[in-house]
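Engineer: Encoded as structure tokens, here's the structure I'll be asking about.
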Amino acid sequence: MTAKEGRKEGRKEGRKEGRKEGRKEGRKEGGSVMAIEETPVYEVFVQADALSFPTHVGSVRASSPEFALQMAREAFCRREAAHDVWVARADAITKARSDSATLPRQGTDKRYRLPGGYDNAPHWKRFKAMAMTIEEVAADMRTKPGR
Amino acid sequence: METVTPAHREALADILLPIADDAWIAGQRGSEWLGMAPDLEEDLALSSISQDALGHAQLLYDVLAELGNREADEQVYARPASGWRHCRLVQTPRQDWADFVARRYCYETFDDLRLHALAGAGHAPLQSALAKILQEKLYHVRHFDTWLQTLAWGGTQSRARLQEAMAGVFSELGDLFSWGQGASALAMWNLTALSSLRPLWESRVRARLEQLGLEWPRVAAKKSDGRLGEHGPEFSDLLAEMTSVRAMEPAGEW
């Protein structure tokens, strides 16, 4: 990926010779330096307004939940405001795919669980025939004063 | 808008120009990290923060333009190096990430104090600009504070390099607290609080460094004063780069 190469280039380019050396050594020693692949992934959920569900919009890598929120803000909310943003470590999310017994699958015929089995159309028609508009109610009241 | 005398106008320019120029140069230097930040997420975050900073400068240049000073474009593209009032802290070219974090933590913390103190000025267009700026500034301060914490607790090597970077940054702090010609202008705008921000800044930063187990480095005396337009050859290069595209067609519509 070109961006990645660009970053590597940038590291090599360090302006102070001593610091450049320091960074190279650090990379080799590992230990305190967290590789990008080791940085935890956070899934990001954005709630557009108070009445919407938080919707999954993507993920970021971050070294802390606080950073995940900051990065999510920039990666996914640059142009529009949000009511709230949730971040959750990807490895803290339990997924049904990892436990096939719990995965919702189309098995035997479950049509009886759908509401389609009731034929309400005739009832509905009768009700609509009876129903009055607000103007009809008003007219009805005028013809029967005192009730 | 209250009546503003020519003397007031000039005084406000002396006060706002250093603040606007700090923001502009910080934004410009920040943008140089594009593609160089530690990861893709920070690349996005920092680019956005840099755009914000340029936006803050523009808001303040607009306030100045309203008072009869030159327009924002002119401020950036037509001003000679000696007319700029930013401090050394924001001007130093990109070094390593620890240096940048230490540098921006120091700058953002100071700018936050300074902008809050400006609320005493009472000039309506300025206050409306400040309201917008402070909203984003809150996040900028937080971002670099989180990075400071991350590097401080990022292991022995990370901590050592942050400590070293902080010492380097402290040796460039001198003119951050200076007001140059603006010193006498502060009283005119009821802003004398701005001249005593240094102890506030020191106590806030000292407390944070202590909390993170970092040493308080020595603050070097200022060698030159950016608030008086003394920026050295380093800034001539930066200014040439900043204005290079515009210089191709100075009278053009951009």
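Coordinate-derived values only; no laboratory data. Since this is a predicted model, take the numbers as computed values, not measurements. Glycine also receives a Cβ, built like all others from the backbone with ideal geometry; neighbour counts cover every protein chain displayed.
Engineer: Taking Cα atoms, how many degrees apart are the long axis of helix B:156-170 and the longest axis of chain B, rounded to 10 and kept between 0 and 90?
Structural biologist: Rounded to the nearest ten degrees, it is 30.
Engineer: Right, something else. For the stretch B:6-148, report the translational diffusion coefficient in µm²/s to the nearest whole number, using Stokes-Einstein at 4 °C, 1.567 mPa s, and a Kirkwood Rh over Cα pairs. Don't skip to the end; give the middle numbers.
Structural biologist: Numbers: Rh = 15.5 Å.
The estimated diffusion coefficient comes to 84 µm²/s.
Engineer: In the protein assembly as shown, with Lys and Arg counted as +1 and Asp and Glu as -1 at Cβ, which of these residues, B:47, B:81, A:48, has the Cα nearest the positive end of the dipole, that is, farthest along it?
Structural biologist: Ranked along the dipole, the leading option is A:48.
Engineer: Continuing with the same structure: Mind checking the dipole of the stretch A:70-147: about its Cα centre, +1 per Lys or Arg Cβ, -1 per Asp or Glu Cβ, Debye to the nearest 20?
Structural biologist: Details: 16 positive and 10 negative charges, 46 e Å.
The calculation lands at about 220 debye.
Engineer: Based only on other Cβ atoms within 10 Å, what is the fewest-to-most ordering of A:45, A:53?
Structural biologist: A:53, A:45
Engineer: Using alpha carbons only, how many angstrom separate the centre of the stretch B:134-176 from the centre of the stretch B:198-254?
Structural biologist: First find each Cα centre; the distance between them is then 15 Å.
Engineer: Toward the positive end of the charge dipole of the stretch B:141-244, about the Cα centre and with charges on Cβ (Lys, Arg +1; Asp, Glu -1), which of B:176, B:146, B:219 goes farthest?
Structural biologist: Result: B:146, furthest along the dipole toward the positive end.
Engineer: Let's see if you can work this out: charge +1 on each Lys and Arg Cβ, -1 on each Asp and Glu Cβ, no other charges. What is the dipole magnitude of the protein assembly as shown about its Cα centre, in debye to the nearest 20? Walk me through the numbers before you get to the answer.
Structural biologist: Numbers: 54 positive and 58 negative charges, 302 e Å.
Here the size comes out at about 1460 debye.
Engineer: Where does each of B:73, B:145 land when they are ranked from fewest to most other beta-carbon atoms within 10 angstrom?
Structural biologist: Working: B:73 13, B:145 18.
Arranged by neighbour count, lowest to highest, B:73, B:145 become B:73, B:145.
Engineer: A further question on this structure: Using the count of nearby Cβ atoms within 10 Å as a rough guide to exposure, how do B:40, A:103 rank from fewest to most?
Structural biologist: Values: B:40 18, A:103 10.
So the ranking, lowest neighbour count to highest, is A:103, B:40.
Engineer: Calculate the radius of gyration of the Cα atoms of chain B to one decimal place, then report Dmax, the largest Cα-Cα distance, as a whole number, both in Å.
Structural biologist: Rg, Dmax (Cα atoms, Å): 17.9, 58.
Engineer: Mean separation of Cα pairs under 8 Å and 6+ residues apart, divided by the residue count of chain B: what relative contact order is that in percent? Present the calculation step by step, with values, prior to reporting the outcome.
Structural biologist: Working: 297 pairs, mean separation 65.1, N = 254.
Averaging sequence separation for qualifying contacts and normalising by length gives 26 percent for chain B.
Engineer: Based only on the alpha carbon positions, what is the Kirkwood hydrodynamic radius of the protein assembly as shown, in angstrom?
Structural biologist: Every distinct Cα pair counted, the radius reaches 25.1 Å.
Engineer: Here's a follow-up. For chain B, what does the helix formula give at 222 nm: sum of -39500 (n - 2.57) over DSSP H segments with n ≥ 4, over the residue count, nearest 500 deg cm²/dmol? Can you show the working numbers first?
Structural biologist: Working: 10 runs with 163 residues, N = 254.
Calculated at 222 nm, the ellipticity per residue is -21500 deg cm²/dmol.
Engineer: On to the next question. Taking Rh as the Kirkwood radius computed over C-alpha pairs, what is the Stokes-Einstein D of the stretch B:97-172 at 4 °C in a medium of viscosity 1.567 mPa s, expressed in µm² per second?
Structural biologist: Values: Rh = 13.5 Å.
The diffusion coefficient I find is 96 µm²/s.
Engineer: If each of residue A:138 and residue B:138 carries a label point 7 Å out from its Cα toward its Cβ, how far apart are those two points in nm?
Structural biologist: Result for the modelled spin labels: 4.9 nm.
Engineer: Using a Gaussian network for chain B with springs between C-alpha atoms less than 10 Å apart, which of these wobbles most: B:165, B:98, B:131?
Structural biologist: B:131
Engineer: Given the options A:62, A:96, B:61, identify the residue whose Cα lies farthest towards the positive end of the charge dipole of the protein assembly as shown (+1 on Cβ of Lys, Arg; -1 on Cβ of Asp, Glu).
Structural biologist: A:96
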